[in-house]
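To keep things clear, I will list the structure first and then write my remarks on it.
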Ligand SMILES: *Cc1c(COP(=O)(O)O)cnc(C)c1O
């Protein structure tokens, strides 16, 4: 019997026809599957040429290619955010602290006391673990956690006001990206929207006149993503709560961004905070977990024990409740947030916000120098503007430093569009900012520890189309 030679290897189409690979063509695409098949055949060829034994059967080689495809990069994967948008909804909003990630891993690997009182051996409450932290940081008596702030809003309106009226200023009937429109949220909740005031000015007397036997609550909504400037007037949460309580109804404050208190996080002065809403007497404060808090996607309903109890006993709570992974990440994030200095070191969003412009410039200089050196790009450092984004203060500019490449762009991708596509489809993907014909790599939302990975990814993007 003669030894097998590369001529005995099966053709690519034989592997594609085998069951192991045939079922992957539709979900992963013919090109990726054919590449993997070719890779498996090449591997066997190299083994034969080295005089080593190799698989020759189409099915065996297809099995090997399928294994590689399965362990290959997933559809949802990490991205280097060089866009300068800190809370980019498309890029998953707030990155989690390492402590939060570890907490998620620890509770999800096995069982946990999610709803189990270890001391009494009886059924417990899901949010107990985060409630005491929230109380310590913000003064809120009680807390419920749901899927996101849109869910929190529907739930709050339903639990406190289904079938009755809720008064809202016309200046606060907002739309937040991704089809969160307040009038539609009202429709879903079963509460009736009663608009008062005008787009630019709403006074306490407007609210007062609207209160009648059908009124269940007054709602303030933070117009997160736009500003009314000039001849404006709105009512603060303390005044609004006072008015509500004089009429025996509830005050709800949707602050959106989730700043916990002054300096939590730093550098976002002027944002409404949970602590301020609690001190102002609001019955319920609603906010997101993955905006300024810098934690996992969730919605927080914080306030009086009585209001939170009504929320928790509403049947909709069951549909919106969060899982153990979210609660673990939230608790770990709050443990860091309770100490502002620790929060700024450990919560990525807080670290991004507190990084000095000089520090960003220093990192950008090093990166630009490396890119000029190899692959020889015309890179310099510019001061620019980063944004918070994510439906929270997108208009609030944050000074930042970026590496700017004005072209000529890499020969393999000669336009800014072609090169940014190569960057986005690389591994890891890089999302830069395109500005005035230049490609900018903004360092405000990039962890300092990722500079080397960014440099590496940019270098690789400069190669051929398949680099
Ligand atoms: C962002 C935001 C929401 C929606 O929050 P999600 O957590 O994205 O569902 C609702 N209200 C306000 C005021 C917001 O800023």
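Bear in mind these aren't lab numbers, they're just calculated from the coordinates by the rules spelled out. None of these values were measured; they are calculated from a predicted model. A quick note on method: Cβ atoms are made from the backbone with ideal geometry, for glycine too, and the neighbour counts reach across all protein chains shown.
Note the angle between two axes, namely the Cα long axis of helix 98-108 and the longest principal axis of the Cα atoms of the chain, as a number of degrees from 0 to 90, rounded to the nearest 10.
90
Using only the alpha-carbon atoms, how far is helix 30-49 inclined from the longest principal axis of the chain? Give it as 0 to 90 degrees, nearest 10.
Its long axis makes an angle of about 40 degrees.
Which whole-number percentage describes the relative contact order of the chain, with Cα contacts under 8 Å and a sequence gap of 6 or more? Write out the running numbers ahead of the final one.
Numbers: 896 pairs, mean separation 83.6, N = 467.
So the answer I get is 18 percent.
What's log10 of I(q)/I(0) for the range 220-270 at q = 0.13, 0.27, 0.28 Å⁻¹, Debye sum over Cα points only, no solvent?
For the requested q values the scattering log ratios are -0.42, -1.12, -1.13.
Between residue 79 and residue 305, 0.36 nm times their residue separation minus their Cα-Cα distance comes to what?
77.3 nm
Provide, for q = 0.21, 0.22 Å⁻¹, the log10 of I(q)/I(0) from a solvent-free Debye sum over equal Cα point scatterers in the range 31-145.
Each listed q maps to, in turn, -1.17, -1.21.
Order these peptides, 328-336, 186-194, 230-238, 274-282, by their mean beta-carbon neighbour count within 10 angstrom, highest first.
On the way: 328-336: 24.9, 186-194: 18.1, 230-238: 14.3, 274-282: 22.8.
So the order, starting with the most tightly packed, is 328-336, 274-282, 186-194, 230-238.
So, how do all the Cα-to-Cα distances of the range 92-153 break down into 5 Å bins, in percent, from 0 on up?
4, 13, 14, 24, 27, 14, 4, 1
Per 5 Å bin from zero, what fraction in whole % of the C-alpha pairs of the range 341-438 is there, up to the bin with the longest pair?
Once binned at 5 Å, the Cα pair distances of the range 341-438 give 3, 11, 17, 22, 21, 15, 8, 3, 1, 0.
R0 = 30 Å: FRET efficiency of residue 378 with residue 226, Cβ-based, nearest 0.05?
Values: r = 37 Å, r/R0 = 1.25.
Given R0 = 30 Å and the Cβ-Cβ separation, E is 0.20.
Place the peptides 45-51, 369-375, 428-434, 155-161 in order of packing, highest mean first, counting for every residue the other Cβ atoms within 10 Å and averaging per peptide.
Numbers: 45-51: 12.3, 369-375: 15.0, 428-434: 19.7, 155-161: 25.9.
Put in order of decreasing packing, that is 155-161, 428-434, 369-375, 45-51.
Express in whole angstrom the spacing between the alpha-carbon centres of the range 170-242 and the range 107-150.
Between the Cα centre of the range 170-242 and that of the range 107-150, the gap is 31 Å.
Hey, what does the equivalent ellipsoid look like for the range 219-314, semi-axes from the Cα gyration tensor as sqrt of 5 times each eigenvalue, largest first, whole Å? Display every interim value, and only then the final one.
Working: eigenvalues 89, 72, 25 Å².
Calculated on Cα positions only, the semi-axes equal 21, 19, 11 Å.
Could you give the length gained by full extension between residue 45 and residue 199, i.e. 0.36 nm per residue of separation minus their alpha carbon distance, to one decimal place? Don't jump to the answer; show the numbers that get you there.
Details: separation 154, 0.36 × 154 = 55.44 nm, distance 7.21 nm.
Stretched fully, the residue 45-residue 199 segment lengthens by 48.2 nm.
Determine the gain in length on full extension of the stretch residue 136-residue 323; use 0.36 nm per residue of separation and subtract their C-alpha separation, reporting nm with one decimal. It would help to have the intermediate numbers written out before the result.
Numbers: separation 187, 0.36 × 187 = 67.32 nm, distance 2.30 nm.
Length difference between fully extended and current span is 65.0 nm.
Would you mind ranking 185, 252 by Cβ crowding within 10 Å, fewest neighbours first? Can you show the working numbers first?
Working: 185 21, 252 31.
Taking fewest neighbouring Cβ atoms as first place, the list is 185, 252.
Report the calculated FRET efficiency for residue 106 and residue 425 (r = Cβ-Cβ distance, R0 = 41 Å), to the nearest 0.05. Before the final figure, lay out each step's value.
Values: r = 34 Å, r/R0 = 0.83.
Once rounded, the FRET efficiency stands at 0.75.
Peptides 52-59, 147-154, 313-320: what's the order by average Cβ count within 10 Å, highest mean first?
Put in order of decreasing packing, that is 147-154, 52-59, 313-320.
Which log10 I(q)/I(0) values, to two decimals, does the range 116-252 give at q = 0.17 Å⁻¹ under the Debye formula with one point per Cα?
-1.00
Which shape class applies to the range 259-328: rounded if a/c is under 1.5, otherwise prolate when a/b exceeds b/c and oblate if not, where a ≥ b ≥ c are the square roots of the Cα gyration tensor eigenvalues? Mind showing how you got there, number by number?
Values: a/c = 3.11, a/b = 1.33, b/c = 2.34.
Note, shape of the range 259-328 comes out oblate.
Need one number: nm distance between label points at residue 456 and residue 339, each 7 Å from Cα along Cα→Cβ, rounded to one decimal.
Spacing of the two 7 Å Cα→Cβ label points: 3.2 nm.
Per DSSP H run of at least 4 residues, take -39500 (n - 2.57); add these up for the chain, divide by its residues and hand me the 222 nm value, nearest 500 deg cm²/dmol. Please report the intermediate quantities before stating the final value.
Working: 19 runs with 195 residues, N = 467.
Theoretical 222 nm ellipticity from helices: -12500 deg cm²/dmol.
Between the helical axis of 451-461 and the dominant principal axis of the chain, each derived from Cα atoms, what acute angle in degrees is found, rounded to the nearest 10?
Tilt relative to the chain: about 50 degrees.
For the range 1-50 and the range 426-466, compute the distance between their C-alpha centroids and round to whole Å.
For the range 1-50 versus the range 426-466, the Cα centre distance is 34 Å.
What shape does the range 260-378 have by the C-alpha gyration tensor, where a ≥ b ≥ c are the square roots of the eigenvalues, rounded means a/c under 1.5, and otherwise prolate means a/b greater than b/c and oblate the rest? Walk me through the intermediate numbers first.
Working: a/c = 3.40, a/b = 2.18, b/c = 1.56.
Prolate is the answer for the range 260-378, as a/c is 1.5 or above and a/b outweighs b/c.
What span do the alpha-carbon atoms of the chain cover on each of the three principal axes, reported in whole Å from largest to smallest?
Result for the chain: principal-axis Cα extents of 97, 56, 39 Å.
Among rounded, prolate and oblate, which fits the range 292-340 when a ≥ b ≥ c are the square roots of the eigenvalues of its C-alpha gyration tensor, a/c under 1.5 means rounded, and a/b larger than b/c means prolate? Kindly include the intermediate steps, with their values, before the conclusion.
Numbers: a/c = 2.82, a/b = 1.57, b/c = 1.79.
It is oblate, given that a/c is not under 1.5 and a/b is not larger than b/c.
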